Amino acid sequence: MSDEKWKTAITDIGPGKIRVRGYNITDIMENLSYAEAVYLILKGERPGKAEAELMNAILVSSIDHGASPPSVLGARTVMSGGNSLNAAIAGGVLVIGDTHGGAIEQAAKIMQEWAQKDGDVVAIANDLVDWMKEHKKRMPGFGHRLHKVDPRTGKLFEIAERHGYGGRHIGLCRAIETALSEKTGRTLPINVDGAIAAVISDMGFDWRLGKGFFIISRLPGLLAHTYEEMTRERPMRTLGPPPYDYDGPEEREM
Ligand SMILES: CC(C)(COP(=O)(O)OP(=O)(O)OC[C@H]1O[C@@H](n2cnc3c(N)ncnc32)[C@H](O)[C@@H]1OP(=O)(O)O)[C@@H](O)C(=O)NCCC(=O)NCCS
């Protein structure tokens, strides 16, 4: 058996000592927002103002999307079946996959690979959509069951571009939307997964972290739904397709 010590570069702990990426946790608590701390732990360095605002916007963008997404139904169903809060949240997270939330991963992979090709993004997007069609694949990060225009996409790109982050991946993402429309005759808007994929790619994140951004963002939503199910609903009720009514606060100004 090797006596070589296991190594980690994330957090150094000892009695009375917790240093995340070298910074004392108490200093992080005092000086960084949650989004900034997430950036620090994933990237290893503190974000600048631009990265901090973008990370915050990403984490807020997917915090919840009503009671119908599969992960919420998953969490509520596990809760309704008479299980613990942690089992319900885990159930919800397990539902997140390549077509729900997890499309960030595959979209970022494709964008990162194709953005490396020579040429302008419009030509690359056209080739990519032709390739997807030829292989009978859907382009992850595009299309939405409810939104003709996903309001989160425009806001994310606006914040990115305000900070000089309108890079090659965002450009490619926009070009893919146009190519999809021209080549399929359908309006397949960039959804929040596609937008996050483009933004994190421009920020230099590895596509393999993709699903993680959605999980971190959606966790508070899953918790709220699980808690509501636990405290407001009857056990083992019929959950799923029938439409539900919203009875929370009406629209209000921020
Ligand atoms: C999100 C999604 C499931 C919504 O689908 P929908 O609006 O219910 O549409 P349907 O699944 O009924 O598909 C309708 C048609 O559009 C096509 N289509 C839908 N999304 C497509 C995409 N991203 N790329 C290419 N074609 C797409 C389908 O192939 C289908 O074509 P067909 O009628 O010739 O078979 C779908 O757009 C999708 O699979 N997107 C990719 C995954 C993704 O980004 N998920 C994150 C969602 S936030």
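The values are calculated or read from the model by the stated rules, or taken from the named source; none is laboratory data. Note that this is a predicted model, so its numbers are computed, not measured. All Cβ positions, glycine included, derive from the backbone under ideal geometry; neighbour counts span all protein chains shown. To get the accessible areas, we keep the full protein, side chains included, count just its heavy atoms, and leave off ligands, DNA and RNA. Shrake-Rupley method; radii C 1.70, N 1.55, O 1.52, S 1.80 Å.
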A correct Stokes-Einstein calculation for segment 103-208, using the alpha-carbon Kirkwood radius, 20 °C and 1.002 mPa s, returns a whole-number D in µm² s⁻¹ of 160
Could you run the Karplus curve 6.51 cos²θ - 1.76 cosθ + 1.60 with θ = phi - 60° over segment 187-204 and give me ³J(HN,Hα) per residue in whole Hz, x for Gly and Pro? 8, 10, x, 5, 8, 4, 5, x, 5, 4, 4, 5, 5, 5, 5, 5, 7, x
Could you give the distance between the Cα centres of segment 91-149 and segment 154-216, to the whole Å? 9
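Heavy atoms only, probe 1.4 Å: what % of the accessible area of segment 103-208 goes to carbon and sulfur, would you let me know? Write out the running numbers ahead of the final one.
On the way: 2610 of 5430 Å².
Ligands and nucleic acids excluded, carbon and sulfur give 48 percent.
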Using just the helices of the chain, give the 222 nm mean residue ellipticity in deg cm²/dmol: DSSP H runs with n ≥ 4 each add -39,500 (n - 2.57), and the total is spread over all residues, rounded to 500. -17500 deg cm²/dmol
Residue-wise, which Karplus ³J(HN,Hα) couplings in Hz belong to segment 151-158, taking 6.51 cos²θ - 1.76 cosθ + 1.60, θ = phi - 60°, and x for glycine or proline? x, 6, 5, x, 5, 4, 5, 4
Can you return the lysines within cross-link range of Lys43? Criterion is Cα-Cα under 26 Å, with same-chain partners fewer than 8 residues away left out. Lys5, Lys7, Lys17, Lys109, Lys117, Lys155, Lys211
Work out from phi, with θ = phi - 60° and the Karplus expression 6.51 cos²θ - 1.76 cosθ + 1.60, the ³J(HN,Hα) of each residue of segment 213-224, listed in order in whole Hz, and give x for Gly and Pro. 4, 5, 4, 4, 5, 7, 3, x, x, 4, 5, 4
Amide H contacts under 5 Å for Phe142, placed H, 5+ residues apart: Asn191
The chain, relative contact order in percent, only Cα pairs under 8 angstrom and at least six apart counted: 26
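Would you mind getting the accessible area per residue of the chain, heavy atoms of the protein chains only, 1.4 Å probe, in Å²?
Numbers: 15250 Å² over 254 residues.
Accessible area per residue, the chain: 60 Å².
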When you have a sec, figure out the Kirkwood radius of segment 1-155 from all distinct Cα pair distances and drop it here in Å to one decimal? 19.5
Using modelled amide H (1.01 Å from N, peptide plane; none on Pro or chain starts), what sits under 5 Å from the amide H of Thr11, excluding residues fewer than 5 places away? Arg21
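Give, rounded to the nearest 20 debye, the magnitude of the charge dipole that the chain has about its Cα centre when Lys and Arg contribute +1 at Cβ and Asp and Glu contribute -1 at Cβ.
On the way: 31 positive and 34 negative charges, 100 e Å.
Dipole size: approximately 480 debye.
In whole percent, how big is the carbon plus sulfur part of the accessible area of segment 1-69, probe 1.4 Å, protein atoms only?
Values: 2620 of 4720 Å².
Carbon and sulfur: 55 percent of the exposed surface of segment 1-69.
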Can you give me the long-range amide H partners of Ile18? Hydrogens built in the peptide plane at 1.01 Å from N, cutoff under 5 Å, separation of 5 or more residues or another chain. Ile25
